[in-house]
């Protein structure tokens, strides 16, 4: 008799994008050398790497523009090699260089995309109105795109990608050349696409701050190989270098403390010392000691490695 307490174990959902053993060469030059990726649905995945690392080639393969030499790829449940047309219906690509026609209005650009996707007249007009409103382009919708600012053109470019309601968007350098306000507007649009629409984003960017802000997981590609993958926090913990900076309130306190706190560097002019960050327990003991010695601290700041540190350390290590 079946045990009344028997329950099936939960099955982990299949990744929305799955890549195993991806290889690509041009002549004797090996661009990709056995790449494995697994990307859950409704997340932002960022691929980072120096110029020539293979990022563009990876995106071109996954978006069906070029063929891999070897490897298994599934996108939205479809085998990319056997069902490329089904993969194309599930994806959208917003390239680094805008696909907007400057001589057409914003509305005309969107309606042209709707016609190319065979949406039908009524559906195309409805989708155009919806996207103009969503991307705050309604007032500019009947003006030529050549009159748009860089941020407006970038929003229109992404809106054109969304006409076909893709499940996966390849977003290449989405904020290159934008001012800080426009960059943050684009970041919020990306977050909304994931949180509200359940879209999966494959992001490539040279701005490591952007990947830190947006990505759920990051992979670092160098010389055609993945050298690290994880959440932004996990990657930062791979690199040592966290430290504390103490600025003392007076020269006497600085002189009494500088030789006792394990400083790795000192600046007598600014009355500051730098010490390794060895955890909250050590910090608590340090503060207790300073208090017992009646040494006044004017400022304390904690510094942890950022993605720039991770990028430089891991790419240099893999190159060696």
message: Being in the same structural domain as residue 172 (by TED's automatic domain parsing), surrounded by 15 or more Cβ atoms within 10 Å (Cβ to Cβ), touching a residue at least 24 places away in the same chain (Cβ under 8 Å) and under 26 Å from the mean Cα position of the chain (by Cα): is that true of residue 93 here?
response: yes
statement: Given the conditions (1) buried (at least 19 other Cβ atoms within 10 Å of the Cβ); (2) free of Cβ contacts under 8 Å to residues at least 60 places away in the same chain, every one holds for residue 219 apart from (2)
- prompt: in a helix (DSSP H, G or I) and either under 30 Å from residue 205 (Cα atoms) or at pLDDT below 90 (or both): does that describe residue 309?
  reply: yes
message: Being surrounded by 14 or more Cβ atoms within 10 Å (Cβ to Cβ) and not in a helix (DSSP H, G or I) is the filter here; which residues of region 100-133 pass it?
response: 100, 101, 104, 105, 117, 119
Qualifying position, being at pLDDT 95 or above and touching a strand residue (DSSP E or B) at 6+ places or on another chain (Cβ under 8 Å), among 62, 110: 62
query: So, of the residues in region 69-82 that are buried (at least 17 other Cβ atoms within 10 Å of the Cβ) and out of contact with any helix residue (DSSP H, G or I) (no Cβ under 7 Å at 6 or more places or on another chain), which turns out to be nearest to residue 168 (Cα to Cα)?
result: 74
- prompt: Does any residue in region 258-287 that is outside the structural domain of residue 299 (by TED's automatic domain parsing) and assigned to a helix (DSSP H, G or I) come within less than 7 Å, Cβ to Cβ, of a residue that is loosely packed, with under 14 Cβ neighbours inside 10 Å and modelled with pLDDT under 90 six or more places away or on a different chain, and which pairs are these?
  reply: none
- request: Within region 246-257, work out how many residues are touching a residue at least 12 places away in the same chain (Cβ under 8 Å) and surrounded by fewer than 17 Cβ atoms within 10 Å (Cβ to Cβ).
  value: 5
statement: Of the listed residues (190, 163), the one being in contact (Cβ under 8 Å) with a residue 12 or more places away in the chain and farther than 22 Å from residue 102 by Cα is 190
field: Considering residues of region 187-203 that are surrounded by 21 or more Cβ atoms within 10 Å (Cβ to Cβ) and within 13 Å of the chain's Cα centre (by Cα) only, the residue farthest from residue 306 (Cα to Cα)
entry: 200
query: Which one of 48, 22 is at pLDDT 95 or above, in the same structural domain as residue 199 (by TED's automatic domain parsing) and within 23 Å of residue 311 (Cα to Cα)?
result: 22
task: Being surrounded by 14 or more Cβ atoms within 10 Å (Cβ to Cβ) and under 20 Å from residue 270 (Cα atoms) is the filter here, so list the residues in region 297-320 that pass it.
output: 297
field: Hits in region 135-148 - residues which are part of a helix (DSSP H, G or I) and in contact with a helix residue (DSSP H, G or I) (Cβ under 7 Å, 6 or more places away or on another chain)
entry: 145
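The values are calculated or read from the model by the stated rules, or taken from the named source; none is laboratory data. The model shown is predicted, which means the values in this text are computed figures rather than measured ones. Positions of Cβ are backbone-derived with ideal geometry, glycine not excepted, and every protein chain shown enters the neighbour counts.
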